[in-house]
Structure formats: C-alpha cells, structure tokens
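Everything on this sheet refers to the single structure shown next.
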C-alpha cells in the first residue's frame, strides 16, 4: 500500500470532512492518519509546517495541504456526477464565489459563534446573526435550485460548504431546526442522512507516530 496517498485528517473538522467527501466520492483510496490536534504528529509537520488538517501526501511526494485543493485533485481523478461542472465556466465562477464567501466570511463568524466565550466583545446571538447573513443567501439558492446551491443536483459547492453549515447547526440544534430556514434544514438533514456522509464519518483511533495507517 506504499503507492497510496496519505491523508492526515481530523474527523470533526469541516475542512477535513470535505476533503474526505471528495476522496470517497471519487473512489480514491488513501491511507488515513487521524490526528490529535493538540499533539500533531511530527511526520505531518515535516511535510506541512502550518500544522492544519487536512494534508494529502501523494506517492511521488507532492503535498496538498488546502482542503479545497484536495477536493479538486480528487475530482480531477474521477468525477462521475460532474461536481466540477466542467462544461459551464460561468457556473464554475459562481461556485468559486460561494466557496470563498464560506471560507473567508462565514467561517470567521462561525468560529466566533461556536466559541463566543473567547470573543466577549459581542454576544453569541450577535455572531449567529452575522452567520445568518451568509446562510440566508444559501436558503434563497436552495429554494431556487430544488434543494441544491447551483443546479438542481449536487455540485462541488454543496459538498464544500455543507460541512460548515452542519457545524453551525450543531451549536444550537433546537434553534436551527425551529428557525424559518426550511431549505437549509432539509439540506443539512439530507447530507447527514446520506450514504456518502456515513462513509466518511467512522471513528478512527488516533494515529501513533510510526504506526499503521487506516485504509480509507
């Protein structure tokens, strides 16, 4: 199995989650190493000093340590349902804009909402309201496109963003599932109930330095 890529991952991290989703969907086998973030393995830090997951190390030694780049690498190997929307450049730019807003705007507010005690300059409700500026746009898109973000079917945008909305929902599930955002609720529920999500969410034992990786 030495010819397989190695993936450093952390089960609950939405960045690592979306990388695993793309790898599983594209049927790219990897050797998975579950990381304990408070005790990051030296082997991971040697190939990616920034110390964040996910990190994908290809057999030839190339390192991909941005989750979206891992997704695109996997889909370029195999994309049976055309998540990349290769035939429509305008839709590709649309997806890119959605993912950038998620990663650089929504994620910042999400972190403050989830860990509001670390950011006492505002209330948790304030941070939730900031998150909802982005999520209200997604609600409108989901209503327009039959439960998906770009087209009436799944695309890269859906799978790159929904792990973060799932994390938002889990901060206060009662509030989220009683809010007036039925399309967001159905989208997250459908994702969590999907076979693909279950496939990427088993609990792996933390990888020990020099120990065996898990075939994923």
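Every read-out reported here was derived from the displayed coordinates using simple, explicitly stated rules and does not represent laboratory data. Bear in mind that the values here come from a model prediction, so they are computed numbers and not experimental data. Here the Cβ is made from the backbone with ideal geometry for all residues, glycine too, and neighbour counts use every protein chain on show.
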| said: Test of understanding: what is the full-extension gain from residue 199 to residue 111, defined as 0.36 nm times their sequence separation minus their Cα-Cα distance? | reply: 29.1 nm
| request: For segment 145-216 and segment 87-129, write down the distance between their C-alpha centroids in whole Å. | output: 16 Å
| note | Longest principal axis of the chain (C-alpha) makes with the long axis of helix 124-144 (C-alpha) an angle, in degrees to the nearest 10, of 90 degrees
| With Cα atoms, 0 to 90° folded angle of helix 182-192 axis to the chain main axis | 20 degrees
| request: Once you have a ≥ b ≥ c as the square roots of the Cα gyration tensor eigenvalues for segment 99-155, tell me rounded if a/c is under 1.5, and otherwise prolate or oblate according to whether a/b is larger than b/c. | output: prolate
| task | Only residues of segment 194-208 count here: report those whose backbone N is under 20 Å from the spot 7 Å along Cα→Cβ of residue 81, or say none. | result | 194-202
| task | Take the alpha carbon gyration tensor of segment 89-197, find the square roots of its eigenvalues, order them as a ≥ b ≥ c, and report rounded if a/c is under 1.5; if not, report prolate when a/b exceeds b/c, else oblate. | result | prolate
| In nm, to one decimal, how far is the modelled label at residue 137 from the one at residue 63, with both set 7 Å along Cα→Cβ? | 3.3 nm
| request: With a/c under 1.5 counting as rounded, go ahead and sort the chain into rounded, prolate or oblate using the C-alpha gyration tensor (a ≥ b ≥ c being the square roots of the eigenvalues; past the cut-off, prolate if a/b is larger than b/c, else oblate). | output: oblate
| field | Acute angle (nearest 10 degrees) that the helix 67-77 long axis makes with the longest principal axis of the chain, alpha-carbon atoms | value | 70 degrees
